[in-house]
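Asker: I have a structure here, written as structure tokens, and I will follow up with some questions on it.
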Amino acid sequence: MAKRGGNVAARVEALVRPVLEEMGLRLWDVRYEKEGTEWYLRIWIDRDEPMDTDTCEAASRAIDPLLDEEDPVDHSYILEVGSPGLGRKLTKEKHFEAKQGCKVRVKFYRADADGRKELVGELVGKTQDTLLLRTEEGREEIPVKEISLVKLCDDEDLF
């Protein structure tokens, strides 16, 4: 089958989203990445209740035949289906919308004017250019271009 437009992750996302939604799951992210000599197609799924390996396996079994039939990747790869887990990265607009009000850690490419390399606070919102946080010091508006990473702080009490 000829590959049509868009990148692999976008094509896979469009293919698997309806199947996952029928299963009561949310598609968190799709990544197509090379590690060493191997290519990995990683599909992260989420739901309101805790995720378990049986659900990940069922999702993998449901989407694998669809990927084989539609063939969105032009060479071999390893399929991984799993949960984004605790401390997950927020990378898409839908992630920032879904996790408003949650505690996040923001890391900067370089220290800001106050010498800070990261901030922790409640995610208030995000525009195209600015991330809004509520911290102990007050409201922070961080230019998106200065941010290297945003992740949930939902794993802090575990360690």
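The values are calculated or read from the model by the stated rules, or taken from the named source; none is laboratory data. This structure is a prediction, so every number in the text was calculated from the model and none was measured. So basically every Cβ, Gly included, is an ideal-geometry build from the backbone, and we count neighbours across all protein chains shown. Each accessible area value is taken on the protein alone, full model and side chains, heavy atoms only, with ligands, DNA and RNA left out. Shrake-Rupley method; radii C 1.70, N 1.55, O 1.52, S 1.80 Å.
Asker: Does residue 94 satisfy the condition of being in a helix (DSSP H, G or I) and within 19 Å of residue 29 (Cβ to Cβ)?
Answerer: Working: in a helix (DSSP H, G or I): yes; within 19 Å of residue 29 (Cβ to Cβ): yes.
Yes: the conditions hold for residue 94.
Asker: What's the total number of residues in the stretch 1-26 that are touching a strand residue (DSSP E or B) at 6+ places or on another chain (Cβ under 6 Å) and not small (Gly, Ala, Ser)?
Answerer: Initial filter on the stretch 1-26 (touching a strand residue (DSSP E or B) at 6+ places or on another chain (Cβ under 6 Å)): 8-9, 12-13, 17, 20, 25-26.
Those still in the list that are not small (Gly, Ala, Ser) too: 8, 12-13, 17, 20, 25-26.
Total satisfying the criteria: 7.
Asker: With respect to the numbered conditions (1) touching a residue at least 24 places away in the same chain (Cβ under 8 Å); (2) in a loop (DSSP other than H, G, I, E, B); (3) of a type outside the set (A, V, I, L, M, F, W, C), which one is the sole condition not fulfilled by residue 105?
Answerer: Going through the list (1) touching a residue at least 24 places away in the same chain (Cβ under 8 Å); (2) in a loop (DSSP other than H, G, I, E, B); (3) of a type outside the set (A, V, I, L, M, F, W, C), residue 105 breaks only (2).
Asker: Something else: I want to confirm something. Restricting to the stretch 2-13 and keeping residues that are in a loop (DSSP other than H, G, I, E, B) and within 19 Å of residue 78 (Cα to Cα), which single residue is modelled with the highest pLDDT?
Answerer: Let us first name the residues in the stretch 2-13 that are in a loop (DSSP other than H, G, I, E, B), namely 2-7.
When the remaining residues are screened for being within 19 Å of residue 78 (Cα to Cα), the result is 3, 7.
Working: 3: 40, 7: 89.
Only one residue fits best here, namely 7.
Asker: Within the stretch 14-34, how many residues turn out to be touching a Lys or Arg at 6+ places or on another chain (Cβ under 8 Å) and not in a loop (DSSP other than H, G, I, E, B)?
Answerer: Selection size over the stretch 14-34: 9.
Asker: Still on this structure, please answer the following. For the stretch 108-159, name all the residues that are under 26 Å from residue 83 (Cα atoms), open to solvent by less than 30 Å² (accessible area, probe 1.4 Å) and part of a strand (DSSP E or B).
Answerer: 108, 119, 121, 123, 125, 131, 133, 147, 150, 152
Asker: Shifting gears a bit: Enumerate the pairs (first residue in the stretch 25-53 and under 10 Å from residue 84 (Cβ atoms); second residue anywhere and polar (S, T, N, Q)) with beta-carbon separation below 7 Å, excluding pairs fewer than 6 apart on the same chain, so at least 6 apart or on different chains.
Answerer: So the pair list comes out as 29/91; 44/83; 45/83; 46/83; 51/83.
Asker: Another one. Where residues in the stretch 35-88 are of a type in the set (S, T, N, Q) and in a loop (DSSP other than H, G, I, E, B), which of them is farthest from residue 150 (Cα to Cα)?
Answerer: So the first thing to find is which residues in the stretch 35-88 are of a type in the set (S, T, N, Q), and the list is 37, 53, 55, 60, 76, 83.
Restricting the remaining residues to those that are in a loop (DSSP other than H, G, I, E, B) gives 37, 76, 83.
Values: 37: 29, 76: 31, 83: 17 Å.
The qualifying residue farthest from residue 150 (Cα to Cα) is 76.
Asker: If the requirement is being surrounded by 11 or more Cβ atoms within 10 Å (Cβ to Cβ) and at positive phi, which of these qualifies: 87, 36, 82?
Answerer: Working: 36 fails: surrounded by 11 or more Cβ atoms within 10 Å (Cβ to Cβ); 82 fails: at positive phi.
The match here is 87.
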